[in-house]
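Report on the following structure.
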Amino acid sequence: MNIASNRKPKHLAVIMDGNGRWAKLRGLPRVEGHRQGMKAVKTCILSCLDLKIPYLTLYAFSLENWERPFREVRFLMKLLQTYARRERDFFHKKGVRVRVIGDFEKLPTIVRRELQEVINLTRDNTKLELQLALSYGGRNEILRAVERLVDARESGKSAKEVLTEEYFSSFLDTADLPDPDLVIRTSGEHRVSNFLLWQIAYSELYFTERLWPEFDRIELEKAIQSFGARSRRFGKVEFSQDLSSQTG
Ligand code: FPP
C-alpha cells in the first residue's frame, strides 16, 4: 500500500473487541479467542512498523474487565505475563518502545515485573511507541491525573493560573504522546468504552464488523484508506471554504 505520509495516522489506537465471539462461533472456549487475539496483536504491530506508523495504543484489558469470571481474568494475566517475556527480544530487535498506560499497580506483581523488564529494555527505542492499555479506564486515568496535578501544585497558585489543556495533559498516562488520529474498534460495536476519553476529542473513528482475531493487514489498510479519505477540520472550516482567504 502506498499512502502519502500526511494521509496516514501518526497515532493509531485500537479497541480489540470480539475475541470471545470469535471463539464461540467456532465452539471453542473464550480463552482460545484471546490466544488467537494475540496473533492479531503481532500482525498489527508488524504492520505498523512496516507502514511507518510511529505510535500504536492497544486496549488490551480495561478496568471493567476485572469483573469477568475469575478463570478468564487469571488466563488473561497469565497470557500477558508469558507474552511480555516471550516477546521481549522481538520488541527490542524491532525498535519498539513498550509502555503501559492504566492503573499499573492493580496488576499482579509477577505481571508487573515482566512488563517492567520490557519497558526498561526498550525505553530508548524509536521505531514504534507501543502503549498497552492494561487495567485501563479513561475516567480513572483522568482522576489519577487530577490527583497528580493537585499533589504537584505549587502553593499560592490558584487552579485558574495553572490549568490549561496542555498542562493538564502532562499529568495523563499519555503525557508525551500525540493524541490518536484514528481509533479502530472491531466486532461491530459502536462505542468507545471508556478508552482515552480526553485524548480522542478529535480522533477519527473507524468501526468494522471483523472480530479482533480476524483483523489482519488488509483490514488495517482498509481503515487507513478510510482515514486518508476524510477531511479533518478540528471544528474549523477547510481552507477552500474560508472566505477571508479569498479577500486578500
Ligand atoms: C475483547 O474481546 C478482548 C479483550 C478483553 C482482551 C484483549 C486481549 C488480547 C487481544 C490478547 C492479549 C493482548 C496482549 C497485548 C497481550 P472480548 O473478550 O470482549 O470479546 P467478546 O466481546 O466477543 O466477548
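What is the chain's relative contact order, in percent, from Cα pairs under 8 angstrom and six or more apart in sequence? Could the numbers behind the result be given before it?
On the way: 356 pairs, mean separation 69.3, N = 248.
For the chain, the relative contact order is 28 percent.
Compute the length gained on full extension between residue 147 and residue 198: take 0.36 nm times their separation in residues and subtract their Cα-Cα distance, giving the result in nm to one decimal.
On the way: separation 51, 0.36 × 51 = 18.36 nm, distance 1.57 nm.
The residue 147-residue 198 span can extend by a further 16.8 nm.
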Query - Added length on full extension, which subtracts the Cα-Cα distance from 0.36 nm per residue, residue 71 to residue 176 - result: 34.2 nm
Report summary line: Rounded to whole angstrom, the alpha-carbon centroid of the stretch 39-53 lies from that of the stretch 132-210 at a distance of 23
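Across the chain, where is the longest run that never hits chymotrypsin sites (Phe, Trp or Tyr not before Pro) in a DSSP loop with at most 16 other C-beta atoms within 10 Å? If you can, show how the numbers build up before the last one.
Details: sites that count: 198, 202, 234.
Formally, the longest exposed-site-free interval is 1-197.
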Report task. Normalise the Debye intensity by I(0) for the chain, one equal point scatterer per Cα, no solvent, then take log10 at q = 0.14, 0.16 Å⁻¹ and round to two decimals. Result -> -1.00, -1.26
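How would the stretch 6-141 be classified by its alpha-carbon gyration tensor: rounded, prolate or oblate, with rounded meaning a/c under 1.5 and the a/b versus b/c comparison settling the rest?
Working: a/c = 1.59, a/b = 1.30, b/c = 1.22.
Prolate is the answer for the stretch 6-141, as a/c is 1.5 or above and a/b outweighs b/c.
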Query - Residue with peak Gaussian network fluctuation, the chain [Cα springs, cutoff 10 Å], from 133, 152, 223 - result: 152
Report task. Could you pull out the trypsin sites (Lys or Arg not before Pro) across the stretch 91-159 that fall in loop regions by DSSP (anything but H, G, I, E, B) with no more than 15 other Cβ atoms inside 10 Å? Result -> 123, 127, 153, 157
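So how much slack lies between residue 218 and residue 231, counting 0.36 nm per residue of separation and subtracting their Cα-Cα distance, in nm?
On the way: separation 13, 0.36 × 13 = 4.68 nm, distance 2.25 nm.
My answer for the length gained is 2.4 nm.
Any read-out appearing in this document is the output of simple, stated calculations on the displayed coordinates, not a laboratory observation. Since the model is a prediction, treat every value here as computed from it, not as a measurement. Every residue, glycine among them, receives a Cβ derived from its backbone with ideal geometry; neighbour counts consider all protein chains shown.
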